[in-house]
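Here the structure comes first, spelled out in structure tokens, and everything after it is commentary.
The values are calculated or read from the model by the stated rules, or taken from the named source; none is laboratory data. The structure displayed is predicted, hence computed values, not measured ones. All Cβ positions, even for glycine, are placed from backbone atoms using ideal geometry, and neighbour counts span all protein chains on display. These accessible areas exclude ligands, DNA and RNA; they are computed on the full protein's heavy atoms, side chains included. Shrake-Rupley method; radii C 1.70, N 1.55, O 1.52, S 1.80 Å.
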Amino acid sequence: MPLLARTIMTPLAIDVRRGAVADLAAILADGRISAGGDVAVVVGPGQAEKIVELIRPTLRSADIFTVTGGTLEAADDLGSKLRARSYDAVVGIGGGKTIDVAKYAATRRGLPMVSVATSLANDGIASPVASLITGGIKGSYGVHIPIAVIVDLDFVESGPDRYNRGGIGDVVSNISALADWELAREVRGEPVDGLAASLSRMAAEALICHPGDMSDDAFVTVLAEGLISSGLAMAVCGTSRPSSGGCHEIMHAIDAIFPGTASHGELAGLGALFCTFLRGDTVRLRQMSACLARHDLPRLPSDVGLSDEQFVEAVQFAPTTRPDRYTILEHLAMSPAQTRQRLADYAGAISDLD
Ligand SMILES: [Zn+2]
């Protein structure tokens, strides 16, 4: 009988709950990742003390490394320190920057990586991509997908609310990224991976339809699982296509031209809403706008402190951030005057929805 299936690399363990950091030793042992706790634990500067206090009693043979900055240099530096002895795995505990540094260093050393997320700002917690800064520019680097993904809801709850809400924008942007992928199939014959699309879409649909908010564990769990699904979607097809289209091109452009404007997820959500308007998809526009508004996420350039002219500049620059990616922005190839006009129409459409 022919084997008509494909094998997919996924994490061995996924655990979203309260108290996960304190239980790390047991999770590593149960998942057969490290029986004796011989792991390199990577933490960021902010939460290092609290995390070490929680894990030290049960992870006595672990070495702790503190990293700062989310840069390629920090990741290379960590990679060379990991040569000191043999480890069963690298465990990154923290927000996106710490996890990305740990992911990259682990991949370079050929070690499995355990992602322990203490915030839900973007879909990097389970993705095969590390976003690192080098020479002041943020780049995306392909890495191995984490061997385990753990989200500690106690840490998420105590983190900055605005930071975590960004993750909602990142997951909701999948809807726009998938529409761009479909467009690329129609116009350029680019193949769409149905499994990746399904994982990515279900994550976004679940969040759009969920009535809860960040004070509700059930909603935060769906957000965490949505971010993990988005990461798996990228791993399934080997590209960020299912979670990144024109929405992310706009985000990368704002990051490049006006650094520090807002978080990855906040800008991805805003970019996705604008791209959805450009597609003329009024049903999706209404759904996504309501979701972003419900969670107090930006929908207009002024919500992130950008003038209309600055946003137009970013939209014009956006296609150059991912030259090989065909999205609604490349499809329309708008002039600055056309972008200005469409942005004015967009602002009108959003205010009509409220
Ligand atoms: Zn993203």
Rounded to the nearest 10 Å², the accessible area of GLU205 at probe 1.4 Å: 50
For the chain, what is the accessible area per residue in Å² when the probe is 1.4 Å? 42
The value for segment 23-63 (convex hull of the alpha-carbon atoms, volume per residue, Å³) is 63
By the mean-Cβ-within-10 Å protection proxy, highest first, 176-187, 18-29, 232-243 rank as 232-243, 176-187, 18-29
Anyone know which of GLY194, GLY265, GLY37 comes out most mobile in the 10 Å Cα GNM of the chain? GLY194
For segment 161-353, alpha-carbon Rg over 2.2 N^0.38 Å: 0.94
Any aspartates and glutamates with Cα under 14 Å of the LYS138 Cα? List them, leaving off those in the same chain fewer than 8 positions away. GLU73, ASP100, GLU249, ASP255
To the nearest 0.05, what FRET efficiency results for ASP38 and ASP303 with a Förster distance of 56 Å applied to their C-beta separation? 0.75
Can you tell me how segment 81-159 classifies by the Cα gyration tensor, rounded, prolate or oblate, using a/c under 1.5 as the rounded cut? oblate
Could you give the semi-axes, largest first, of the ellipsoid that matches segment 176-280, computed as the square roots of 5 times the alpha carbon gyration tensor eigenvalues and rounded to whole Å? 22, 19, 13
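What number does the chain give for Rg over Rh if you use C-alpha atoms and the Kirkwood radius?
A ratio of 0.98.
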Here the percent of antiparallel bridges among DSSP beta bridges lying wholly in the chain, to the nearest 5, is 20
3J(HN,Hα) from dihedral phi, segment 272-287, Karplus parametrisation 6.51/-1.76/1.60, rounded to Hz, x for glycine, proline: 5, 5, 5, 5, 5, 5, 4, 6, x, 8, 5, 5, 4, 4, 5, 4
Among beta bridges that DSSP assigns inside segment 13-158, antiparallel share in %, nearest 5: 20
Subtracting the Cα-Cα distance of LYS81 and ARG60 from 0.36 nm times their residue separation yields 5.7 nm
A convex hull over the alpha carbons of segment 50-104 yields, per residue, a volume in Å³ of 79
For the chain, set up a Gaussian network in which alpha carbons nearer than 10 Å are linked by springs, and say which option among GLN316, GLN47, GLN341 fluctuates the most. GLN341
Quick one: helix 96-109 against the long Cα principal axis of the chain, what's the angle to the nearest 10°, folded into 0 to 90? 60
For the chain, what does -39500 (n - 2.57) per DSSP helix run (n ≥ 4), summed and divided by total residues, give at 222 nm, in deg cm²/dmol to the nearest 500? -16500 deg cm²/dmol
